[in-house]
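A short reminder: the numbers here are calculations on the coordinates, not readings from a lab. The model shown is predicted, which means the values in this text are computed figures rather than measured ones. Every residue, glycine as well, gets a Cβ built from its backbone with ideal geometry; the counts of neighbours run over all protein chains shown.
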Amino acid sequence: MRTFKSILVANRGEIAVRIMRTAQALGYRTIAVYSEADASAPHVQMADDAVLLGPAPVGQSYLDMERVLAAAKESGAEALHPGYGFLSENADFARAVEAAGLVFIGPSADSIDLMGNKAAAKRHMIAAKVPCVPGYEETDQSDATLISAANDIGFPVMVKAAAGGGGRGMRLVHDADDLPDALAAARSEALNAFASDELILEKAVLRPRHVEVQVFADTLGNVIHLGERDCSVQRRHQKVVEEAPCPVMTEELRTRMGAAAVEAARSIGYRGAGTVEFLLDADENFYFLEMNTRLQVEHPVTEMITGLDLVGLQIQVAEGHALGLTQDDIKLSGHAIEVRLYAEDTSRDFLPCTGTMDLWQPPTGEGLRFDSGVETGQEISPFYDPMIAKAIAWGETREVARHRLIEALKDTVMFGLTTNRGFLIDVLGRDTFARGEATTAFIAEEFSDDDLVATTPDLMQAAMAAVLQYHDERQRALACCVNVSPQLLNWSNGANLVSRYVYAWDDTEFDLTVTPDNAHCYQVQSGDAAFTIDLLEAGDSTARLRVDGRRYLVHFHVPDPGLVWLSIGGKTASFRNHIAFAGLAEDVGGSGRVIAPMHGTLLEVLVNPGDTVKSGDRLAVLEAMKMQHDILSEVDGTVLEVHAVAGNQTAADTVLIEIEETE
């Protein structure tokens, strides 16, 4: 038995906040660690104590084991919770924590070691009689051997990094001719992400479900499972939507999958929270994928259907106590669905976005839970994962949970940067998802490029924005005046007051005039179109408007004069009055100027001055927000200048390469 009173959380963002919430509720002193970029982050403010690790890059802060352990010593921490990501599945770190005299709130280093390598894990599970996907997981890593093995397995095959996860170092290969390039790309990505380029091959099970089982074990030999989660809705092998229970699960199948997951955990002497991931085919055959030796991002859906606090159970087990639960004690109630809100631009191939969260107000209500690590005014930096929050809804039935989550997303106030909120609403609203039929092929099959194109606001939305902008300008002017009666607002003893607003997006322009009828009613005109808009109520971020007799609830934010953000039904757009800001548009150069789309590190520069390139050719590789992004040429031409340097950090909008376009 090892009791402790203080816990250092070696993480950041929403998971650090979530762990601290439980730890503080149980009476533990919490200690945060942070980088210079996170000095004012919510997890730092929430903690009882906080220690600076170093600069923003993860290698100099959250991934620096020595600095994290020094912070634990400096703050007097007695235990350490790694969260997920970063050092959570680093066996050397777990050993170092224990060697420093701290309690590691997680599994043993040996378990992490074994399950952290997909090849070794799969060999172990085959020996333990856990069903596995046919494949190659041996030590010979030569291209010739892997190509031969792939031919024996039969295409299509999955190429996977033996270390790590999150979709990095993973490629689906349909044809033998594409395998050499896939091996090279997977090795490169795996080496950069996990410091290991070891690969495994697996027979690709097409259109399966991705179903994982939550297991828990104490140090006294008790191992149970807490039901399953369906994580089939994925993009590039990264989870987008998770739910519990699985929509097609039967009691008989749950019993078989649960028993396999428990045996997997028991066979390695596991302790604490873990997740055993399976592929499930249409015939109810399931195959072991991997075991995650940590708390999962999607653990809240399990908490909401079991009523258990998984972080609390982790702490309980880490102190040497028994779980206090048997398998018969686990009862599943209702249904829960979780989505991951990201700062990313779905219309630009889900490119991660950086910027300031000008306004963040998650909704509250029955069955809702938002786990976030952001707040209004916080910078979303390029150094970390772009996830803003997790939105979770519970319902007595799956359909109730789905509807609650859709409405919660629509009511979420988040302005200042581009997010995937609209895409998530679309996913949850698709008939295939509503019927519970989504597989891992769901997004590829349901969404075309046209579905992801950014939509231009319509004229009515622009008219609403103009009225709200006029209202804000009027209130700002009123605040600067002395002894002006509110009854005189919008009144004139001369001609009607007319204000002009011009909003533009690419080739679309709305030229509008706003004329007040009285203190709350406005006439908005654009060409031959006209609207009568009553501003029924305007709070700090929510307004009720009546447009030609129909009422609307909108969320809005005016960060500065001349700019208004507007969200209606989960669709968000920014409106800047170009009359007030004429001439301020930036010249981003022609298509021959290759510009960095975001902050990041240049891993490779693939061209030199004088090289001839064609549209679509790879010019460089940029690593940002934990992913690699190919920089492609948009034109045919000759490379004039190469400003990019491999290994260097680059800021968004920096000119990397200049190309003289072929006429």
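Using a 7 Å offset from the Cα along the Cα-to-Cβ direction at both Ala282 and Asp548, what is the distance between the two label points in nm, to one decimal?
4.7
Could you grab the Rg to Rh ratio for the range 159-302? Cα atoms only, Kirkwood for Rh.
Values: Rg = 15.9 Å, Rh = 16.1 Å.
Here Rg/Rh amounts to 0.99.
In whole Å, how far is the Cα centre of the range 40-68 from that of the range 220-255?
Taking the Cα centre of the range 220-255 as reference, the centre of the range 40-68 is 32 Å away.
Can you figure out the FRET efficiency of Ser333 with Glu537, using R₀ = 51 Å and their beta-carbon distance, to the nearest 0.05?
Numbers: r = 38 Å, r/R0 = 0.75.
With R0 = 51 Å, the Cβ-Cβ based efficiency is 0.85.
For the range 593-661, evaluate the Debye formula with one uniform point scatterer on each Cα (no solvent term) and list log10 I(q)/I(0) at q = 0.22 Å⁻¹, rounded to two decimals.
Per q value, in the given order, log10 I(q)/I(0) is -0.84.
Can you pull the one-decimal nm distance between simple spin-label points at Ala444 and Asn192, each 7 Å off the Cα toward Cβ?
2.2
Positive end of the dipole of the chain, charges at C-beta (+1 Lys, Arg; -1 Asp, Glu), about the Cα centre: which of Leu172, Ile315, Asn518 has its Cα farthest in that direction?
It is Ile315.
Give the calculated FRET efficiency between Glu251 and Thr326 to the nearest 0.05, with a Förster radius of 22 Å applied to their Cβ-Cβ distance.
Numbers: r = 17 Å, r/R0 = 0.79.
Calculated value: 0.80.
Please report the equivalent ellipsoid semi-axes of the chain, computed as sqrt(5 x eigenvalue) of the Cα gyration tensor, largest first, in whole Å.
Working through the eigenvalues yields semi-axes of 45, 32, 25 Å.
Between Arg348 and Glu36, how high is the FRET efficiency from 1/(1 + (r/R0)^6) when r is the Cβ-Cβ distance and R₀ = 25 Å? Nearest 0.05.
It comes to 0.30.
For the range 155-179 and the range 96-122, compute the distance between their C-alpha centroids and round to whole Å.
Here the answer is 26 Å between Cα centres.
What aspartates and glutamates could a cross-link reach from Lys614, if we take a straight Cα to Cα line under 17 Å and drop same-chain neighbours fewer than 8 places away?
Asp630, Glu634, Asp636, Glu641, Glu658, Glu660, Glu661, Glu663
What is the sum of charges around Ser142, taking Lys and Arg as +1, Asp and Glu as -1, for the other residues whose C-beta is under 14 Å from the C-beta of Ser142? It would help to have the intermediate numbers written out before the result.
Numbers: positive: Arg187; negative: Glu138, Asp140, Asp143, Asp197, Glu198.
Residues close to Ser142 contribute a combined charge of -4.
If you take every DSSP beta bridge whose two residues both sit in the range 1-54, what share of them, in percent to the nearest 5, is antiparallel?
Values: 0 of 9 bridges.
Here the antiparallel bridges make up roughly 0 percent for the range 1-54.
List, in the order given, every pair from Lys122/Lys160; Lys118/Lys203; Lys390/Lys571; Lys122/Lys331; Lys73/Lys390; Lys239/Lys331 whose Cα-Cα distance in the structure shown is over 21 Å. Provide the component values of the computation, followed by the final result.
Values: Lys122/Lys160 12 Å; Lys118/Lys203 14 Å; Lys390/Lys571 18 Å; Lys122/Lys331 30 Å; Lys73/Lys390 32 Å; Lys239/Lys331 26 Å.
Too far apart for the 21 Å limit: Lys122/Lys331; Lys73/Lys390; Lys239/Lys331.
Under a Cβ-only charge scheme (Lys and Arg +1, Asp and Glu -1), can you give me the dipole magnitude of the chain about the Cα centre, in debye to the nearest 20? Don't skip to the answer; put the middle values down first.
Details: 54 positive and 98 negative charges, 455 e Å.
Result for the chain is approximately 2180 debye, rounded to the nearest 20.
Counting only DSSP beta bridges with both residues in the chain, what percent are antiparallel, rounded to the nearest 5? Write down the numbers at each step before the final one.
Numbers: 121 of 136 bridges.
Looking only at bridges with both residues in the chain, the antiparallel portion is about 90 percent.
Work out how far the C-alpha atoms of the range 327-390 reach from end to end along every principal axis, then list the three figures in whole Å, largest first.
47, 25, 21
Rounded to the nearest 500, what is the 222 nm mean residue ellipticity of the chain from helices alone, with -39500 (n - 2.57) per DSSP H run of 4+ residues and division by all residues? Mind showing how you got there, number by number?
On the way: 16 runs with 169 residues, N = 663.
Rounded to the nearest 500, it is -7500 deg cm²/dmol.
Residue farthest toward the positive end of the dipole of the chain, with Cβ of Lys/Arg at +1 and Asp/Glu at -1: which of Leu428, Thr532, Leu325?
The listed residue farthest towards the positive side: Leu325.
Please list, in order along the range 308-318, the HN-Hα scalar couplings obtained from phi with the Karplus expression 6.51 cos²θ - 1.76 cosθ + 1.60 (θ = phi - 60°), rounded to whole Hz, x for Gly and Pro.
Ordered by residue, 3J(HN,Hα) equals 9, 9, 5, 5, x, 5, 4, 5, 4, 5, 5 Hz.
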